[in-house]
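Everything on this sheet refers to the single structure shown next.
A short reminder: the numbers here are calculations on the coordinates, not readings from a lab. For clarity, every value in this text was computed on a predicted model and none was experimentally measured. Note: ideal-geometry Cβ built from the backbone for every residue, glycine included; neighbour counts use all protein chains shown.
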Amino acid sequence: MTLHGHLALIQAAALRAVDPYPAVQRYLVRVGNALRVAGADWRLDDIARIIIIAVGKAAVPMAQASIDRMGDARLTGIVVTKAGHAAHHTLPETLRIVEAGHPVPDAAGLAAAEAVTDMLSTTTARDRVLLLLSGGASALLPSPVDGVSLANLQAVTESLLRAGAPIGELNTVRKHLSRLSGGQLARLAQPAPVIALILSDVVGDPLDVIASGPTAPDPTTYAAAQDILVRYGLRKQMPPAVLAYLAAGIAGRVAETPKPGDPAFVQVSNVIVGSNRLAGQAAVTEAQRLGYNTLLLTTFMEGEAREVAKVTAALAKGIRAHGDPVQPPACLVWGGETTVTVRGQGKGGRNQELALAAALALDGLPDVALLALATDGTDGPTDAAGAIVDGHTAELARAAGWDPAATLADNNAYSLLDAVGALLRTGPTGTNVNDIVVVLVVQASNNLPFRLSGV
């Protein structure tokens, strides 16, 4: 089997490990007339309604897992997911399904957020709220504050994305322009108890950042949000309504998001049910089965995609030259999420940009291949999940008339990688736990032979 074939097997193992359906069911069990949710018992006789709010790219399978566990419980709610991610569902009619825009919010998401607000405004102490969160929820459930429009939120999101702002900074700004983010959904749901089952798509799994932390205390401030806009030179691009609202928050004329110790969180439990680390560990296990000496280097990968690619290539070269940090046949695994500062006019995503930059850095190097994968199946505004490249990719591109360096400078990785057959197209995977990068090095520069097993 080829290196590309091995990478496909490793990819499949990583995605299986973070399937949201079994992840939710591990934390939700029906025991007679009670529902045990993340260790808490909900006695169905005492409950008027169970309100399910599922938001994110994995919202449909997470909701399906919950329904299958609950059986005949009194259910109502809403499921909001990215356009194209709700196919083939079998959810009951009591759950409204909405497909909305991501990464830039749209009118469908705005209507869904209004429906969630209306639903939670009617809760009593006899209701229970089950919140199912996965990556993309910040964009999929926009709820702009008074005086700020959906178009304003779209402008803020697009500007920060193009500037390469990491998700924590992007969400700091969004939390202070939303009525549901930054712990405010928990406040709205009172007096009903809330349990949030969360599939993390953020490096390090910080509860206040994942999905903009709708049920988590928010340690950030209006001043921090404004500082981020200043740091990226975006104040002049911001709609006046956005700047005015942040200024009002800094001056204390509008309330801050709820902070640690706020009574809104007394009846709230937040539980991480799946994360990038699980995917990385599964990739390691599969690579070992295939005969590779394997290391999970980190699940905290961050930074500019093309710079991370250079480090990745340097490690591959070190393995070939010296057997460091592991002897070939070697497999290195990273998890996390890079960013791209868009300066060109091309098309791509962070994993495609990383792959193209790695192809340039590995140019001419034999016996090396790299996989860069968005676990949700969509990398940037494209139909690709990422790419697989090796030491021949740049050569193939040049033979097809492409200039790889110029293409990278134009942020046009998608077009080049598509032309040489390097793109990965998985379609929506139903999960979302950041990105996975896998590098295989099968031979040292001294050409020592080896044997791969398990295939």
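Ranked by the mean number of other Cβ atoms within 10 Å of their residues, highest first, the peptides 276-284, 206-214 fall in the order 206-214, 276-284.
With 31 Å as the limit, the listed pairs Lys57/Lys317; Lys175/Lys347; Lys82/Lys317; Lys57/Lys259 have Lys57/Lys317; Lys82/Lys317 beyond it between alpha carbons.
For segment 276-441, the equivalent ellipsoid derived from the Cα gyration tensor has semi-axes of 23, 19, 13 Å, listed largest first. Short-range pairs are left out: with C-alpha atoms under 8 Å and at least six residues apart, the relative contact order of the chain is 16 percent.
Here segment 1-92 is treated as a Stokes sphere of Kirkwood radius computed over C-alpha pairs; at 10 °C and 1.306 mPa s its diffusion coefficient rounds to 106 µm²/s. Per-residue Karplus couplings for segment 389-404, computed as 6.51 cos²θ - 1.76 cosθ + 1.60 with θ equal to phi - 60°, are listed in order as 10, 8, x, 9, 4, 5, 4, 4, 5, 4, 5, 8, x, 9, 9, x Hz, Gly and Pro entered as x.
Rounded to whole numbers, the Karplus 3J(HN,Hα) couplings from phi for segment 219-236 are x, 8, 9, 4, 4, 5, 4, 5, 4, 5, 4, 5, 4, 8, x, 10, 4, 5 Hz, using 6.51 cos²θ - 1.76 cosθ + 1.60 with θ = phi - 60°, and x at Gly and Pro.
Ordering His102, His88 from the fewest to the most neighbouring beta carbons within 10 Å gives His88, His102. Computed from the alpha carbon positions, the gyration tensor of segment 24-64 leads to an equivalent ellipsoid with semi-axes of 21, 13, 7 Å, biggest first. The alpha carbon centroids of segment 358-381 and segment 25-46 are separated by 43 Å. What the Cβ-Cβ distance of Leu365 and Lys236 gives, at R0 = 41 Å and to the nearest 0.05, is a FRET efficiency of 0.40.
Distances between every pair of Cα atoms in segment 81-188, grouped in 10 Å steps from 0 to the bin holding the largest one, split as 13, 45, 31, 10, 0 percent. Most simply put, the chain has about 45% antiparallel DSSP beta bridges, counting only bridges with both residues inside it. Between 0 and 90 degrees, the angle of helix 350-361 with respect to the longest Cα principal axis of the chain falls at about 20 degrees.
For the chain, the longest principal axis of the Cα atoms and the long axis of helix 150-162 meet at an angle of about 30 degrees.
The value of relative contact order for segment 155-238, using C-alpha pairs under 8 Å at least six residues apart, is 39 percent.
Between the Cα long axis of helix 276-289 and the first principal axis of the chain there is an angle of about 30°, rounded to the nearest 10. Residues whose amide H falls under 5 Å from that of Ile52, counting only those 5 or more places apart or on a different chain, are Thr76, Gly77, Ile78, Leu130, with hydrogens built in the peptide plane.
Counting Lys and Arg as +1 and Asp and Glu as -1 over every other residue whose Cβ lies under 12 Å from the Cβ of Glu169, the net charge comes to +1.
Short-range pairs are left out: with C-alpha atoms under 8 Å and at least six residues apart, the relative contact order of segment 336-381 is 45 percent.
Helices in the chain, meaning DSSP H runs of at least 4 residues, each add -39500 (n - 2.57). Divided by all residues, the mean residue ellipticity at 222 nm is -10500 deg cm²/dmol.
With Rh defined as the Kirkwood radius, the inverse of the mean 1/r over Cα pairs, the Rg/Rh of the chain is 1.00. Summarising the amide proton neighbourhood of Met301: residues at separation of 5 or more, or on other chains, whose placed amide H is nearer than 5 Å comprise Gly335, Gly336, Glu337.
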